[in-house]
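Below is one structure, written out as structure tokens; the observations come after it.
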Amino acid sequence: MAMTHFGNQVFSALQVPVPEFYRGIEEKKMVVSMGLFFVCNTIKQNLLSTGAFEVYYDGAPIFSKLEAHRMPTGDELVKSLEAAVKKREAQKKKHA
């Protein structure tokens, strides 16, 4: 949503030309912003109503809110993902 209002500054800071599709977004900033707001809220409500929050890495479960009955902490997710990456790398070395 920030890109609808600050895209020109972002593109100029990155020193890249403004993409053609962005010009249409720029002309309809409020419509695009409102649309994103409603779509994001709908997605959020659907995720909250299911109670599911599942994190997988390479097909393996990292965290399941349904099993833990709580949301993970950021630190917990980072540590779990780091452990899964190390485990996967060790498996690759073993099979190589």
(message) Could you list, ordered by first residue, the pairs with Cβ atoms under 8 Å in which the first is in region 35-50 and within 16 Å of Met71 (Cβ to Cβ) and the second is outside any helix (DSSP H, G or I) and of a type in the set (A, V, I, L, M, F, W, C), at least 6 apart or interchain?
(response) Leu47/Phe53
(message) Among the residues of region 39-57, are any more than 30 Å from Glu89 (Cβ to Cβ), in contact with a Ser or Thr (Cβ under 6 Å, 6 or more places away or on another chain), not in a strand (DSSP E or B) and not hydroxyl-bearing (Ser, Thr, Tyr)?
(response) no
(message) Take Phe37 and tell me if it is touching a Pro at 6+ places or on another chain (Cβ under 7 Å) and surrounded by 10 or more Cβ atoms within 10 Å (Cβ to Cβ).
(response) no
(message) For region 76-96, check the following and say yes or no: at least one residue is within 30 Å of Thr4 (Cα to Cα), open to solvent by less than 50 Å² (accessible area, probe 1.4 Å) and modelled with pLDDT of 85 or more.
(response) no
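The values are calculated or read from the model by the stated rules, or taken from the named source; none is laboratory data. This one's a predicted model, so the numbers in the text were calculated from it and none came from an experiment. So basically every Cβ, Gly included, is an ideal-geometry build from the backbone, and we count neighbours across all protein chains shown. When the accessible area is computed, the model is the full protein with side chains, heavy atoms only, and any ligands, DNA or RNA have been set aside. Shrake-Rupley method; radii C 1.70, N 1.55, O 1.52, S 1.80 Å.
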